[in-house]
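Engineer: Supplied in structure tokens, the structure appears directly below.
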Amino acid sequence: MGRLVIHGGRPLRGIVTVSGAKNAALPAMAAVLLTPQELILENVPSLGDVATIRRLLGFMGVESSDVGPGTVSLTSRAVERCEAPYDLVRTMRAAVLVLGPLLARCGEARVSLPGGCAIGPRPINLHLAGLQQMGAEIDLVDGYVMAKAPRLSGARLAFETVTVTGTENLMMAATLATGTTILENSACEPEVVDLARLLKAMGARIEGAGTSTITIEGVEALTGARHRIVPDRVEAGTLAVAAAITRGDVVIQGCVPHHVEAVTAKLREAGASVAVEAGQMRVRMAARPRPVDISTAPFPGFATDMQAQIMALMAIADGRSVITETVFENRFMHIPELVRMGADITVAGREAVVQGVPFLRGAPVMATDLRASASLVLAGLQAGGETLVDGISHLDRGYERLEAKLQSLGGEIRRVEG
Ligand code: EPZ
């Protein structure tokens with residue numbers, strides 16, 4: 001764990017490769033519960049949340065092993081425990097992704113309610129309502145979801161709010177249900193599309209992934225498959241902002257530029273040069289960024305997971321920006337820490353008004369959640385003096401060797417234990 005020590009002011013230059021997407025690897029690993037055959041997943045990032053879901057799946061009886069760099073083999077021959085205990089779920093909300101597959105495979109599940117987290121209450125009511133409409137009996141007992149369904153039945157489900165893991169949970173549940181399931185107002189995130197690609201490779205019948213209406217024709221059984229996890233668009237966006245905030249010149253390889261378009265469009269508006277080629281993009285910034293207004297939204301809108309990072313850039317912009325967080329209730333905890341570094345940011349409800357300052361000052365700061373950690377690292381790379389980022393266990397949940405990647409680009413950043 002430890003903390004990061006950063007001496008800012010150096011432009012990042014060079015070439016860096018993006019890892020596989022955390023938010024695609026997690027549902028892909030949960031999908032192993034849908035089949036007794038082996039799944040081979042490639043490009044799996046080595047980070048905290050992946051280790052956590054591996055522990056959870058192991059608790060259920062899933063065998064997993066590393067069979068190559070970033071390649072994991074998982075087999076769920078028989079599900080020994082249809083349960084996700086609180087001590088694992090509380091550390092990672094995405095553990096709720098085992099609920100749909102467990103119900104589809106075993107007809108029952110006992111999954112701890114995730115509880116809230118730093119960025120909001122994070123309810124799962126839409127997951128549960130969808131499973132009930134598919135015939136599941138759902139009770140909440142002592143903080144656990146107790147679910148039973150001898151066989152789920154296809155249904156037409158309309159999400160009242162776009163939910164990424166809700167879409168993924170119900171899509172997985174529907175693959176083994178009887179009949180047809182239609183998911184309306186589905187999430188269109190690339191991670192949903194990647195999961196659908198995997199499920200189809202396993203024999204599922206899915207149409208419309210990536211659009212707001214997904215149709216799943218239930219089948220009797222699914223097979224194993226080999227699948228390569230899609231690149232992490234949030235890491236790609238974070239590295240692009242790192243290039244811009246340090247007035248650097250960075251080639252980001254192994255990414256899908258189309259998945260980061262909302263971010264790169266805002267970087268161009270702020271004055272960055274972004275050259276896109278197949279599988280990579282080059283981000284250059286020669287001057288102080290111009291202010292840009294941003295409002296987060298589900299894909300293809302500006303990702304909420306990039307809001308904290310772009311705010312660090314706007315903190316040094318040449319003017320006033322308004323950043324609106326429409327997805328989560330409480331995703332501004334990076335702001336007090338940026339203010340400690342000299343940023344001028346005021347919050348009114350879901351809106352943050354950022355009055356850019358010419359430069360930030362290094363300071364000891366505390367990370368409160370995954371993307372807030374990234375925001376403070378980016379601010380530290382720009383700030384004069386030394387920045388100490390504490391609480392980086394949050395960062396380690398969602399980024400693979402971020403400080404090593406930034407060091408390789410010339411960033412003066414190192415981890416100190418203790
Ligand atoms: C996924 O979380 C991501 N996590 C999050 O990334 C991401 O921020 C979020 O989608 C939005 O893009 C994974 O994919 C593992 P939601 P998820 O359900 O699915 C409300 C990161 O930094 N809602 O799309 O949990 C909810 O409160 C993480 O990598 C309900 O009301 O988010 C929120 O306001 C953080 N009821 C909105 O919907 C429900 O049943 C969107 O949440 C479900 C969600």
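The values are calculated or read from the model by the stated rules, or taken from the named source; none is laboratory data. All values reported here derive from a predicted model rather than from experimental measurement. All Cβ positions, glycine included, derive from the backbone under ideal geometry; neighbour counts span all protein chains shown. To get the accessible areas, we keep the full protein, side chains included, count just its heavy atoms, and leave off ligands, DNA and RNA. Shrake-Rupley method; radii C 1.70, N 1.55, O 1.52, S 1.80 Å.
Engineer: How many residues does the range 149-184 contain that are more than 9 Å from the ligand (Cβ to nearest atom) and open to solvent by 10 Å² or more (accessible area, probe 1.4 Å)?
Structural biologist: Total satisfying the criteria: 13.
Engineer: Kindly indicate whether any position in the range 281-296 is within 16 Å of the ligand (Cβ to nearest atom), under 23 Å from G398 (Cβ atoms), within 15 Å of the chain's Cα centre (by Cα) and open to solvent by 30 Å² or more (accessible area, probe 1.4 Å).
Structural biologist: No, the range 281-296 contains no residue that is within 16 Å of the ligand (Cβ to nearest atom), under 23 Å from G398 (Cβ atoms), within 15 Å of the chain's Cα centre (by Cα) and open to solvent by 30 Å² or more (accessible area, probe 1.4 Å).
Engineer: Quick one: how many residues across the range 114-147 are more than 9 Å from the ligand (Cβ to nearest atom), touching a residue at least 40 places away in the same chain (Cβ under 8 Å) and on the phi < 0 side of the Ramachandran plot?
Structural biologist: 6
Engineer: Within the range 297-316, is even one residue among the small types (G, A, S), free of Cβ contacts under 8 Å to residues at least 24 places away in the same chain and out of contact with any Asp or Glu (no Cβ under 7 Å at 6 or more places or on another chain)?
Structural biologist: Checked against the condition, which is being among the small types (G, A, S), free of Cβ contacts under 8 Å to residues at least 24 places away in the same chain and out of contact with any Asp or Glu (no Cβ under 7 Å at 6 or more places or on another chain), the range 297-316 yields no hits at all.
Engineer: Enumerate the pairs (first residue in the range 246-260 and closer than 27 Å to I316 by Cα and in contact (Cβ under 8 Å) with a residue 12 or more places away in the chain; second residue anywhere and open to solvent by 40 Å² or more (accessible area, probe 1.4 Å) and of a type in the set (A, V, I, L, M, F, W, C)) with beta-carbon separation below 7 Å, excluding pairs fewer than 6 apart on the same chain, so at least 6 apart or on different chains.
Structural biologist: R247/A286; V251/I15; Q253/I15; P257/V276
Engineer: Could you check the range 231-327 for helices (runs of 4 or more DSSP H) lying wholly inside it with 2 or more residues that are closer than 17 Å to V18 by Cα? Quick ask: steps written out before the conclusion?
Structural biologist: Working: elements: 233-245, 261-269, 307-314.
Those helices (runs of 4 or more DSSP H) span 233-245, 261-269.
Engineer: Let me ask something else. Quick one: which residue in L199, L222 is among the hydrophobic types (A, V, I, L, M, F, W, C) and part of a loop (DSSP other than H, G, I, E, B)? So that I can check it myself, show each step before the final result.
Structural biologist: Numbers: L199 fails: part of a loop (DSSP other than H, G, I, E, B).
Within the list L199, L222, the selection yields L222.
Engineer: Inside the range 168-195, can you point out the residues that are among the polar types (S, T, N, Q) and closer than 16 Å to L126 by Cα? Before you say what the answer is, go through the steps one by one.
Structural biologist: Filtering the range 168-195 for residues among the polar types (S, T, N, Q) gives 169, 175, 178, 180-181, 185-186.
Across the range 168-195, the qualifying residues are N169, T181, N185, S186.
Engineer: Still on this structure, I have one more. Looking only at residues that are in a loop (DSSP other than H, G, I, E, B) and closer than 17 Å to P289 by Cα in the range 350-398, which one is farthest from the ligand (Cβ to nearest atom)? Talk me through it step by step, then tell me what you get.
Structural biologist: As a first pass, look at the range 350-398 and keep what is in a loop (DSSP other than H, G, I, E, B): 350, 356-360, 362-363, 367-369, 383, 385, 391-392.
Cutting the leftovers down to closer than 17 Å to P289 by Cα gives us 356-360, 383.
Numbers: G356: 25, V357: 27, P358: 30, F359: 28, L360: 23, A383: 23 Å.
Selected residue: P358.
Engineer: Next question, about the same structure. Can you confirm whether the range 80-94 contains a residue that is open to solvent by less than 20 Å² (accessible area, probe 1.4 Å), modelled with pLDDT under 95, away from the ligand (no atom under 11 Å from the Cβ) and out of contact with any helix residue (DSSP H, G or I) (no Cβ under 6 Å at 6 or more places or on another chain)?
Structural biologist: So far as the range 80-94 goes, yes, one or more of its residues are open to solvent by less than 20 Å² (accessible area, probe 1.4 Å), modelled with pLDDT under 95, away from the ligand (no atom under 11 Å from the Cβ) and out of contact with any helix residue (DSSP H, G or I) (no Cβ under 6 Å at 6 or more places or on another chain).
Engineer: Moving on to the next point. Being free of Cβ contacts under 8 Å to residues at least 40 places away in the same chain, open to solvent by less than 20 Å² (accessible area, probe 1.4 Å), of a type in the set (V, I, T) and out of contact with any Cys (no Cβ under 6 Å at 6 or more places or on another chain), is that true of even one residue in the range 12-21? Steps first, answer last, please.
Structural biologist: Step one: list which residues in the range 12-21 are free of Cβ contacts under 8 Å to residues at least 40 places away in the same chain, which gives none.
So far as the range 12-21 goes, no, none of its residues is free of Cβ contacts under 8 Å to residues at least 40 places away in the same chain, open to solvent by less than 20 Å² (accessible area, probe 1.4 Å), of a type in the set (V, I, T) and out of contact with any Cys (no Cβ under 6 Å at 6 or more places or on another chain).
Engineer: Out of T181, T165, I need the residue that is assigned to a helix (DSSP H, G or I) and either at positive phi or touching a residue at least 40 places away in the same chain (Cβ under 8 Å) (or both). Which one?
Structural biologist: On the way: T181 fails: assigned to a helix (DSSP H, G or I).
Every option except T165 fails the conditions.
Engineer: Let me ask something else. Checking the condition more than 21 Å from V164 (Cα to Cα) and in contact with a strand residue (DSSP E or B) (Cβ under 7 Å, 6 or more places away or on another chain), which residue from A221, A236, A196, A243 passes?
Structural biologist: Working: A221 fails: in contact with a strand residue (DSSP E or B) (Cβ under 7 Å, 6 or more places away or on another chain); A236 fails: more than 21 Å from V164 (Cα to Cα); A196 fails: more than 21 Å from V164 (Cα to Cα).
Being more than 21 Å from V164 (Cα to Cα) and in contact with a strand residue (DSSP E or B) (Cβ under 7 Å, 6 or more places away or on another chain) holds for just one of A221, A236, A196, A243, which is A243.
Engineer: Which members of the range 59-79 meet the condition of being surrounded by fewer than 20 Cβ atoms within 10 Å (Cβ to Cβ) and either modelled with pLDDT under 90 or in a strand (DSSP E or B) (or both)?
Structural biologist: Selection gives E63, S64, S65, D66, V67, G68, T71, S73, T75.
Engineer: To continue, here is another question. Can you confirm whether R415 is touching a helix residue (DSSP H, G or I) at 6+ places or on another chain (Cβ under 6 Å), surrounded by fewer than 20 Cβ atoms within 10 Å (Cβ to Cβ) and in contact (Cβ under 8 Å) with a residue 40 or more places away in the chain? Spell out the reasoning first.
Structural biologist: Numbers: touching a helix residue (DSSP H, G or I) at 6+ places or on another chain (Cβ under 6 Å): yes; surrounded by fewer than 20 Cβ atoms within 10 Å (Cβ to Cβ): yes; in contact (Cβ under 8 Å) with a residue 40 or more places away in the chain: yes.
Spelling it out, R415 is indeed touching a helix residue (DSSP H, G or I) at 6+ places or on another chain (Cβ under 6 Å), surrounded by fewer than 20 Cβ atoms within 10 Å (Cβ to Cβ) and in contact (Cβ under 8 Å) with a residue 40 or more places away in the chain.
Engineer: Looking at the range 104-113, is at least one residue away from the ligand (no atom under 15 Å from the Cβ), open to solvent by less than 40 Å² (accessible area, probe 1.4 Å) and on the phi > 0 side of the Ramachandran plot?
Structural biologist: The answer is yes, given that some residue of the range 104-113 is away from the ligand (no atom under 15 Å from the Cβ), open to solvent by less than 40 Å² (accessible area, probe 1.4 Å) and on the phi > 0 side of the Ramachandran plot.
Let's see how each residue does on (1) of a type in the set (D, E, K, R); (2) within 30 Å of G349 (Cα to Cα):
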residue	(1), (2)
P69	no, no
R90	yes, yes
A147	no, no
R151	yes, no
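Engineer: Which one of these is in contact (Cβ under 8 Å) with a residue 40 or more places away in the chain and within 16 Å of the ligand (Cβ to nearest atom): G100, G70? Outline the logic, then answer.
Structural biologist: Details: G70 fails: within 16 Å of the ligand (Cβ to nearest atom).
Going through G100, G70 in turn, the sole match is G100.
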